[in-house]
Amino acid sequence: MRGSRMRQLIILIGISGSGKSTIAKEQEKVKQNTKRISSDELRLQLYGTLSEGNQHNARVFEIMNKTVFKELEEKDAIVYYDATNLSRKRRAHLYQEAKRRFTDVKVICQVVFCNPELAKLRQTYRIGDEAVPNDVIERQFMNLQVPRVSVDCDDIVLSGECWFDKGEVIAHRVRLTLRALVYYATDAFKPLLKLNYAPHESKWHTESIDVHILAVNNTAVQRYEAKDTSSFLAAAFHDLGKGYVKNRGINFGTSHYLTHEAVGAQILLNAIHCFGDLLELDKEECLEAVERVYQHMIAHQIRNGNWSEKTIKKWQVKHDISDELLINLLKFAEIDALCSIPVKEEGPA
Ligand SMILES: Nc1ncnc2c1ncn2[C@@H]1O[C@H](COP(=O)(O)OS(=O)(=O)O)[C@@H](OP(=O)(O)O)[C@H]1O
Ligand SMILES: Nc1ncnc2c1ncn2[C@@H]1O[C@H](COP(=O)(O)OP(=O)(O)O)[C@@H](O)[C@H]1O
């Protein structure tokens with residue numbers, strides 16, 4: 001019914017070249033009262049070129065937010081916030097501000113999935129400083145932080161590419177278990193996972209990445225109730241980002257795994273995008289699993305006693321982590337640690 005709909009702020013989340021602008025432009029054409037506000041267009045408008053505009057992000061986003069809230073003043077407005085929006089913290093600020101200004105606004109985080117290799121390829125069609133360099137695309141992919149309902153949005157919409165082969169899954173449906181999803185990555189996405197018994201090269205793990213994931217899966221099967229979808233998904237996907245981030249970090253040349261939990265959470269969210277309906281998965285349970293993957297390194301910090309009670313509480317509030325989720329995260333960290341074989345410390349002679 002016209003006139004009774006809530007105004008909507010749709011925060012697009014995606015790496016450069018993922019297709020955010022294309023989606024928003026299409027919606028602008030077909031849906032009434034729909035408006036797209038683009039950070040890149042604002043940069044061009046204010047500074048003439050993107051490279052110059054990129055030097056002034058603070059001002060660009062200050063004006064961007066003002067424009068977005070102005071557009072939202074119209075009743076029934078649907079506003080697309082077209083920027084990469086990779087940071088959960090920034091999206092949370094936007095969410096809080098939208099809620100503070102309007103009692104009847106629905107904030108949606110729409111993730112636009114894209115294989116970073118495809119995004120790189122798409123840059124070659126762009127001219128001059130419109131083309132985003134490859135290393136920036138890779139960094140964006142590694143830093144895409146998954147959304148969370150009630151932290152940065154009221155609802156999550158998943159769109160774009162599927163990194164898992166639906167045809168294969170339908171064909172093998174009878175044998176399919178949630179753990180096996182991992183092995184149905186498409187030919188284009190599989191190389192990014194690098195699951196070929198790659199060594200960890202880390203003091204925490206002498207076992208390979210694959211062996212570790214398998215061990216965590218098997219232990220999860222022993223320890224969790226058969227119907228605990230969330231735990232099985234978290235176990236299967238928690239370290240899937242390691243292959244991609246390995247050697248791509250600041251200390252190039254030595255293996256380290258900064259942001260692997262964010263990449264793993266993104267990959268699990270993509271699997272839910274592909275199979276959620278097909279496997280009749282419960283959306284809330286799935287999103288809980290995504291948050292477990294996203295927060296599993298923090299869980300290790302807490303388990304190791306590195307965080308004060310006050311810091312833990314603050315983190316719980318910031319990310320809407322219930323006491324129950326915290327308990328599950330700590331239980332998972334215990335399994336994760338149990339399945340790791342660290343390098344033996346040299347004892348005294
Ligand atoms: N609110 C706010 N204030 C200041 N700076 C911000 C803000 N939001 C995003 N950013 C920074 O903008 C960069 C990403 O811009 P876009 O999302 O427009 O992406 S892109 O330029 O189209 O690729 C990216 O900059 P770099 O991190 O230097 O790449 C973001 O960190
Ligand atoms: N679903 C799609 N299939 C094929 N090409 C697409 C699709 N979505 C976008 N593209 C193309 O990819 C390029 C980047 O899309 P764009 O919407 O500008 O991405 P973003 O706004 O995320 O940077 C454009 O050339 C666009 O035509």
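Measure nothing but the geometry: give the 0 to 90° angle between the long axis through the Cα atoms of 309-319 and the longest principal axis through the Cα atoms of the chain, rounded to 10°.
Taking the Cα atoms of the chain, the angle to 309-319 is about 50 degrees.
Using Cα positions and a limit of under 24 Å, work out the lysines in reach of LYS106, with same-chain residues fewer than 8 apart set aside.
LYS20, LYS25, LYS29, LYS31, LYS35, LYS66, LYS70, LYS75, LYS89, LYS283, LYS318
Compute the acute angle (0 to 90°) between the alpha-carbon long axis of helix 283-303 and the principal axis of greatest extent of the alpha-carbon atoms of the chain; round to the nearest 10°.
60 degrees
Enumerate the lysines that LYS194 could reach by cross-link, defined here as Cα to Cα under 21 Å, with residues fewer than 8 away along the same chain left out.
LYS120, LYS166, LYS203, LYS242, LYS246
Only Cα pairs under 8 Å and at least 6 apart count here; give the relative contact order of the chain as a rounded whole percent.
Relative contact order for the chain comes out at 16 percent.
Below 13 angstrom from the Cβ of ARG122, what's the summed charge of the other residues (Lys, Arg +1; Asp, Glu -1)?
Charge balance in the 13 Å sphere: 0.
Cα centroids of the stretch 61-121 and the stretch 308-347: how far apart, whole angstrom?
About 31 Å separates the Cα centre of the stretch 61-121 from the one of the stretch 308-347.
Give, in nm to one decimal, the length gained when the segment between THR186 and ALA171 is fully stretched (0.36 nm per residue of separation minus the Cα-Cα distance).
My answer for the length gained is 4.0 nm.
Would you work out the Kirkwood radius for the stretch 4-134? I mean one over the mean of 1/r across all pairs of different Cα atoms, in Å.
15.4 Å
If you place +1 on the Cβ of every Lys and Arg, -1 on the Cβ of every Asp and Glu, and leave all else neutral, what size is the dipole of the chain about its Cα centre, to the nearest 20 Debye?
760 debye
What list of ³J(HN,Hα) couplings, whole Hz, do you get for the stretch 114-127 from phi and the Karplus terms 6.51, -1.76, 1.60, once you set θ to phi - 60° and write x for glycine and proline?
Karplus-based 3J(HN,Hα) across the stretch 114-127 equals 7, 4, x, 5, 5, 4, 5, 4, 5, 5, 5, 8, 8, 9 Hz.
Would you grab the residues whose amide H sits under 5 Å from the one on ILE10? Only those 5+ places off in sequence or on another chain, please, with H modelled 1.01 Å from N.
VAL79, TYR80, TYR81, ILE108
Of THR49, THR186, THR103, how do they rank once you tally other Cβ atoms within 10 Å and put the fewest first?
THR103, THR49, THR186
How large are Rg and Dmax for the chain when calculated on the C-alpha trace, in angstrom?
Calculated on Cα positions, Rg and Dmax stand at 21.2, 80 Å.
Taking the Cα atoms only, what angle lies between the long axis of helix 323-338 and the longest principal axis of the chain, rounded to 10 degrees?
50 degrees
Please figure out what share of the DSSP beta bridges in the chain is antiparallel and state it in percent, rounded to the nearest 5.
Approximately 10 percent, going by the DSSP bridge assignments.
By how many nm would the segment from ARG126 to THR22 grow when fully extended, if each residue of separation counts as 0.36 nm and the alpha-carbon distance is taken off?
36.0 nm is the gain from fully extending ARG126 to THR22.
Under the rule of at least 5 residues apart or a separate chain, name every residue whose amide H is placed under 5 Å from the amide H of GLY160.
Correct list: PHE113.
Since every read-out is calculated from the coordinates, none of them should be taken as a lab result. For clarity, every value in this text was computed on a predicted model and none was experimentally measured. For neighbour counting, all protein chains shown are included, and Cβ atoms are generated from backbone atoms with ideal geometry for every residue, glycine included.
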